[in-house]
Amino acid sequence: MRWLAVLWRGSALGSVLPAELHCTGSALLVQTSFAGTQAFTCPPYYEAQTCCLQHEMEQIWEKVEDMLQFVLRVMEDQGEDLKRAEDQEAAGFLEDDGSICSEYHAQLFSSRLRGFREARQATAKGVDILQGATMHMLCAACFQSSSQLKLEQVDNFTSSALLSLQDRMGAIFTEQVLADRSPDTQCSLGYVDALTAGISFPSWGRFSPAFVWQGSLLASFAGWMDRVLSLLMEVPGSLLFQRTLLQLLFFYAERPDSDAFQLLQGHSGAVLDYSSIEEEPEKLCPDAPRLFIFVRQAVPTDKLLQCYKDLQAVPAGVRWVLTNSSHVSAMSGEVKAKEQLIWRRFEARSLHGVARALCAAPAWVVELEAMDCKDAPHVSRLLTSPSEQDLRRSSWPQGVSPVTPSPPPSWSGLEEYVQAHAAFVQQSRSGAVPASRKALVYVCTAMSYCGGHGDRLNGMLGAFVVAMLAGRAFFIDSQRPVPLSLVLQPRVGGIDWRMHGSHAVLPAGFNFNDNLAAFESDPHVVLDSQEDVLRIVSNQRLSAAALRSHPRSARALGLTGPRLHMELFQLLFQPSPALSARLRARKLPEGRRIGLHFRAGDQMPQHWKDPPRHDLAQLEEFLNCAEDLERQQGWNATFLLFADTDKVREMPRVQELAAAGKLVLPEQTDGLVHLDRSPATLTVRGLLQTWADWWTLAFDVDALVLSHSGFGATALELGPLRPAVLGLGCVLADGSTG
Ligand SMILES: *[C@@H]1O[C@H](CO)[C@@H](O)[C@H](O)[C@H]1NC(C)=O
Ligand SMILES: *[C@@H]1O[C@H](CO)[C@@H](O)[C@H](O)[C@H]1NC(C)=O
Ligand SMILES: *[C@@H]1O[C@H](CO)[C@@H](O)[C@H](O)[C@H]1NC(C)=O
């Protein structure tokens, strides 16, 4: 920390840098420019001393330049989209019959173009603000200033520039919301109405230019710039994106049998509740003795294999909990019985939690990297003939510990949370300020990366846990490709999480996409934040680290069960009418069903044209595995095969099984050839189908054969307890929250 700067104390933009600083003063001169750029030069009211490492400053400035390049590139692409849209509009592509509805529909397009042009101007100005503000802050962070007054003036100027940018974007957003109000219910469009479902982003959480310390100067700057960048990009991006979806909506208006029509036009009708598949726990708990060895993904395979060899003398009852599929393949060839392996798609964070989920009986746990595999005799003795002295921690082998019982939860906290949430929503709707203004919003926008099914579910549920522990009302503002409420809606009697408008503001926020380590290194930054409203972008499982950092709240809220994510999913969601209709239209075979999820390519459904990466022949292994599973359970089951490639239909074994009625493939309801190949189009077209497939795997099959993917793994985790295996190697699968 020796390079940290002093000047942010008392500065409006950054009051959170650690106070104890030991500035050594590097040799960097004020007027120096570096990394081949002339752009970074501190103004003369800075003195020659710096407390920052030069390479840190260079990294930050490189990041600024990357961002500016990105903005320019996006604006250029959008310029082309704008041109196309203007041409279309000039050609009058919508049929105008003079009715109020056709006028309204035309206006949905034209107002978006108008808003986009205005937002684009604001963005162009914002680029200058981002550049100037970052430079100022970097100088303030790294240099002694001769003038506190000057610093404060620039701080004030930056703040008001950002505030006015937010206000401009907010005004454009609000104008759009007003223009979208349907003049008559018969003109209403489900998609447009859903854009503003739920409450709007609370006014008291809108503006927060403050800089949050996130472990390093680079990470802190990256976080800050990321937030400003989204203020620059989201409003124009979402307007263009929505315009594309409106085009789809009108294209599908003439195809009422399509899934996309059901999804976008809005569907009314009864919603389905959860299925009543009977819970049927897989017996993953070995007879005594029981030792679960957890292997992190990054452990080198040869180290794992060596440890396995070293521990061969230990009697049966050892279980290897693996996540990395390379580990699974390597160990499958080594172990005497495949029951010794347990696969989890998501690395366990709570070893005791997983062990408790697997075994009601006493067991031991250890993390491979923490144990001494050469100490096999000691481990053996402890497991097979423990003595009185083994009650003492000091006599346990290195890293090994007995599973502790779960503390009894008290559910009263959860009930209170649900009530407080309802009050928050109700007061916000009526325009009042809720008693507690603390809220946390999970966002997935037109411009942000949200990931596939697994990513989104993990991101939302993790954010929900964080919100509950922090005593914040939890909301979801997920707009891509369509508002989430068109697919999943709030569970009746649960909490109404619907919110909109978080993309037109500059709130405090965090981005944990693909960066669980950033959250885990200091969960308190988020959990103990004093900001009223936090906006979170994340595809990570934040729950375990959050629960560990706030154990008392976790108990009070009853967040202690091994299947926490399942309980929370069921508190939040039920299928929308459109998804319910889609689910009702399935013809599920009677009797026992085994769901197979075969992911040939490591790809999202919208990229279905990509060549398969995995050998299709591996599907044979999946099918053999399903047959084994069926035999073990003593069932006469039907196989439901969900695959991300149509090629599976050409396989002789699949055709045979299908002809015999033993195997069923989901129908391809939306047989339309592609209207265009844009990702949005393909995603929307297949969205209901994909969710229906996921829902079927989660709630309507008695057992699962899975690929190494979050899609199936979240279905296992969030549905009732059932036997499950990883198709490759037919290795038992655990779906506890862990
Ligand atoms: C900056 O803004 C604060 C708060 O609005 C104000 O009190 C202060 O006088 C301003 N400082 C300067 C130098 O303009
Ligand atoms: C999984 O293991 C392989 C082989 O040891 C390794 O190359 C890979 O990086 C590991 N994956 C992760 C996510 O650590
Ligand atoms: C399984 O069920 C199917 C359909 O009900 C039936 O035709 C078949 O004979 C059954 N197989 C066994 C082994 O019981």
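The values are calculated or read from the model by the stated rules, or taken from the named source; none is laboratory data. Here the structure is a predicted model, which is why all the values come from computation and not from measurement. Glycine gets a Cβ as well: all are built from the backbone with ideal geometry, and neighbour counts include every protein chain shown. Accessible surface is based on the protein model in full, side chains and every heavy atom, while ligands, DNA and RNA are left aside. Shrake-Rupley method; radii C 1.70, N 1.55, O 1.52, S 1.80 Å.
Treating each Cα of the chain as one equal point scatterer and applying the Debye formula with no solvent, the log10 of I(q)/I(0) at q = 0.06, 0.07, 0.12 Å⁻¹ comes out as -0.41, -0.57, -1.43. Taking label positions 7 Å along the Cα-Cβ direction at both Glu65 and Lys309, the computed distance is 5.0 nm, reported to one decimal.
Residues whose amide H lies under 5 Å from that of Leu291, counting only those 5 or more places away or on a different chain, are Val318, Arg319, Trp364; hydrogens are built 1.01 Å from N in the peptide plane. For the chain, which whole percent of the accessible surface, found with a 1.4 angstrom probe, sits on carbon and sulfur atoms? Summing carbon and sulfur atoms, their accessible area is 52 percent of the total for the chain.
Take Ser430: with every protein chain present and a 1.4 Å probe, its accessible area is about 80 Å². Considering only beta bridges that DSSP places wholly inside the chain, some 20 percent are antiparallel. Here the calculated FRET efficiency for Leu588 and Glu58, from their Cβ-Cβ distance with R0 = 56 Å, stands at 0.40, rounded to the nearest 0.05.
Please state the charge dipole magnitude for the chain, taken about the Cα centre, from unit charges on C-beta atoms (+1 on K and R, -1 on D and E), reported in debye and rounded to the nearest 20. Could the numbers behind the result be given before it?
Details: 65 positive and 82 negative charges, 278 e Å.
For the chain, the charge dipole is close to 1340 debye.
Return one whole number: the accessible area per residue of the chain in Å², for a 1.4 Å probe.
Working: 30680 Å² over 738 residues.
For the chain, the solvent-accessible area averages 42 Å² per residue.
Using the average count of surrounding beta-carbon atoms within 10 Å as a protection proxy, the listed peptides 618-628, 570-580, 712-722 rank, highest first, as 712-722, 570-580, 618-628.
Given q = 0.10 Å⁻¹, what are the Debye log10 I(q)/I(0) values for the stretch 354-481, with equal point scatterers placed on the Cα positions and solvent ignored? Relative scattering, expressed as log10 I(q)/I(0), comes to -0.61.
State the extension gain, in nm to one decimal, for the chain segment bounded by Val433 and Ala617, taking 0.36 nm per residue of separation less the distance between their alpha-carbons.
Taking 0.36 nm per residue and subtracting the Cα distance, the gain is 60.2 nm.
Report summary: the helix-based calculation at 222 nm, which adds -39500 (n - 2.57) for every DSSP H run with n ≥ 4 and divides by the residues of the chain, gives -14500 deg cm²/dmol. Computed from the Cα positions only, the extents of the stretch 212-307 along the three principal axes stand at 63, 52, 26 Å, in decreasing order. Applying 0.36 nm per residue to the separation of Glu656 and Ala360 and subtracting their alpha-carbon distance, the gain on full extension is 102.4 nm.
Which of the helices in the chain meet the span-like rule: DSSP H, Cα axial reach of 30 Å or more, Kyte-Doolittle mean at least 0.0?
On the way: long enough: 54-91 (56 Å, -1.01); 100-142 (60 Å, 0.05); 148-179 (46 Å, 0.14); 217-252 (49 Å, 1.06).
Passing helices, by number: 100-142, 148-179, 217-252.
For the stretch 499-604, state the average projected area of the convex hull of the C-alpha atoms over all orientations, rounded to one decimal in nm². About 11.0 nm², averaged over all directions. Other residues lying with their Cβ under 13 Å from the Cβ of Lys125 contribute a combined charge of -1, Lys and Arg counting +1, Asp and Glu -1.
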